[in-house]
1. Looking at region 284-297 only, could you name the residues that are touching a residue at least 60 places away in the same chain (Cβ under 8 Å), farther than 10 Å from F250 by Cβ and either open to solvent by 60 Å² or more (accessible area, probe 1.4 Å) or aliphatic (A, V, I, L, M) (or both)?
2. Within region 174-185, can you find the residues that are over 30 Å from Q106 (Cβ atoms), in contact with a helix residue (DSSP H, G or I) (Cβ under 6 Å, 6 or more places away or on another chain) and open to solvent by 60 Å² or more (accessible area, probe 1.4 Å)?
3. Can you name the residue in region 45-65 that is in a helix (DSSP H, G or I) and open to solvent by 60 Å² or more (accessible area, probe 1.4 Å) and is also farthest from Y155 (Cα to Cα) among such residues?
4. List every residue pair whose Cβ atoms lie under 8 Å apart, where the two residues are 6 or more positions apart in sequence or sit on different chains, the first residue falls within region 189-217 and is over 20 Å from K179 (Cβ atoms), and the second residue, located anywhere, is acidic (D, E) and surrounded by fewer than 20 Cβ atoms within 10 Å (Cβ to Cβ).
5. From L278, L300, which residue is within 20 Å of D62 (Cβ to Cβ) and either touching a residue at least 12 places away in the same chain (Cβ under 8 Å) or part of a helix (DSSP H, G or I) (or both)?
6. Could you check how many residues of region 196-219 are open to solvent by 40 Å² or more (accessible area, probe 1.4 Å) and either part of a helix (DSSP H, G or I) or of a type in the set (S, T, Y) (or both)?
7. Specify which of the listed residues (R44, R40, R56) is more than 28 Å from Q280 (Cβ to Cβ), of a type in the set (K, R), at pLDDT below 95 and touching an Asp or Glu at 6+ places or on another chain (Cβ under 9 Å).
8. Looking at T188, T157, which one is open to solvent by less than 30 Å² (accessible area, probe 1.4 Å), in contact with a helix residue (DSSP H, G or I) (Cβ under 9 Å, 6 or more places away or on another chain) and closer than 28 Å to H99 by Cβ?
Amino acid sequence: MNRAGANVRAGIASEEDHSLIQVWRAAHRPVLNTFQSLLRMRTRETTAKVAQRLKRKSTIYDKLQRERDMQLARMDDIAGCRIIFRSIKQLRQFRKSIHEARFNHQLRHAENPDKYDYIARPKPTGYRGIHDIYVYDVNSESGAGLKGLYVEIQYRTLIQHAWATAVEIVGVITDSQPKFQKGDPRITDAMSYASEILARAHESMTSAHPEMPDEELVRTFLALDGELGLLESLRRLNKAKAENSESKNFILDSAPDGSLEVHSFRDATEALRKLFQLEQEKPGNDIVLVRADSTDDVRLAFRNYFQDAREFVRLVETGCARLSGRERE
């Protein structure tokens, strides 16, 4: 796997290398199913929402190019589960219960459990959330060959998720990638200030600019938004629709022109087969296989594919009003 990844990075990957990587991705599917079942069972009596996704092939290749020392066999977010909570208190209580749970899966960074706590230590981009990496381990014969594979669990609040979704959408509708601090630095700055506004106004916390006074923060963000028109651009989006379905496996197929096709499947194996087919037929599209309890949950967890930033815009506008004293909670 590491050789295949190195060949992708060097631009000399063979068909065998590409096929190996597809098999490697597919091997993570049972790992995802195990963890999402565990998480759904534990969130059943709560308001938290659980979704899962298999990392896109294009994203794996991009990460190999971006992180030059990355070995493919050590890439720990090919399988990913996301849990979205109403509050930070609920998030931390649930995460504590997972850490105290009795199962064979091991926390990869157990010696430093808060290594990826980006709520306590937000990223300079403004990203907030917590990630845990688990090492898959089961006693069954059927799971023996999967032992040692990684799965990433992302914990976010609705506020943090609204911001992260908007960053992904901005990366689609502009020539910049604020998520990776690439492109127009004004866009990266605007999104980091927006994160600070959301953290203060809605969660009584700070983000990437804790030192800035409230009014200066709002004034600086609004000045940048006046130049860039980000909020207005995001407000005009949200064109894609998804039909209600009783299926739990979904393929989100986003074309370069922004159009979106949503395919639903009752059978996970059929969904995986279709994913590989679409990736081969449409190499320029952004295609991801996800799982959630309902179409509404898919739309919530993967709003960026639906170009839905309405909640982010509302939260930022409300946050600006609160921090500038124009609204009282």
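1. Passing the criteria: I287, D293.
2. Of everything in region 174-185, those that are over 30 Å from Q106 (Cβ atoms), in contact with a helix residue (DSSP H, G or I) (Cβ under 6 Å, 6 or more places away or on another chain) and open to solvent by 60 Å² or more (accessible area, probe 1.4 Å) turn out to be Q177, Q181.
3. From region 45-65, those in a helix (DSSP H, G or I) are 57-65; that's our starting set.
Retained after the next criterion (residues that are open to solvent by 60 Å² or more (accessible area, probe 1.4 Å)): 62, 65.
On the way: D62: 24, Q65: 26 Å.
Once the filter is applied, the top-ranked residue is Q65.
4. As it stands, the answer is R200/D214, since those pairs meet every condition given.
5. L278
6. 7
7. Exactly one of R44, R40, R56 is more than 28 Å from Q280 (Cβ to Cβ), of a type in the set (K, R), at pLDDT below 95 and touching an Asp or Glu at 6+ places or on another chain (Cβ under 9 Å), namely R40.
8. Working: T188 fails: closer than 28 Å to H99 by Cβ.
Within the list T188, T157, the selection yields T157.
The values are calculated or read from the model by the stated rules, or taken from the named source; none is laboratory data. In this text the structure is predicted, and so the values were computed from the model without any measurement. As a convention, Cβ positions derive from the backbone with ideal geometry for all residues, glycine included, and neighbour counts pool all protein chains shown. Just the protein is used for accessible areas: all its heavy atoms, side chains included, with ligands, DNA and RNA removed. Shrake-Rupley method; radii C 1.70, N 1.55, O 1.52, S 1.80 Å.
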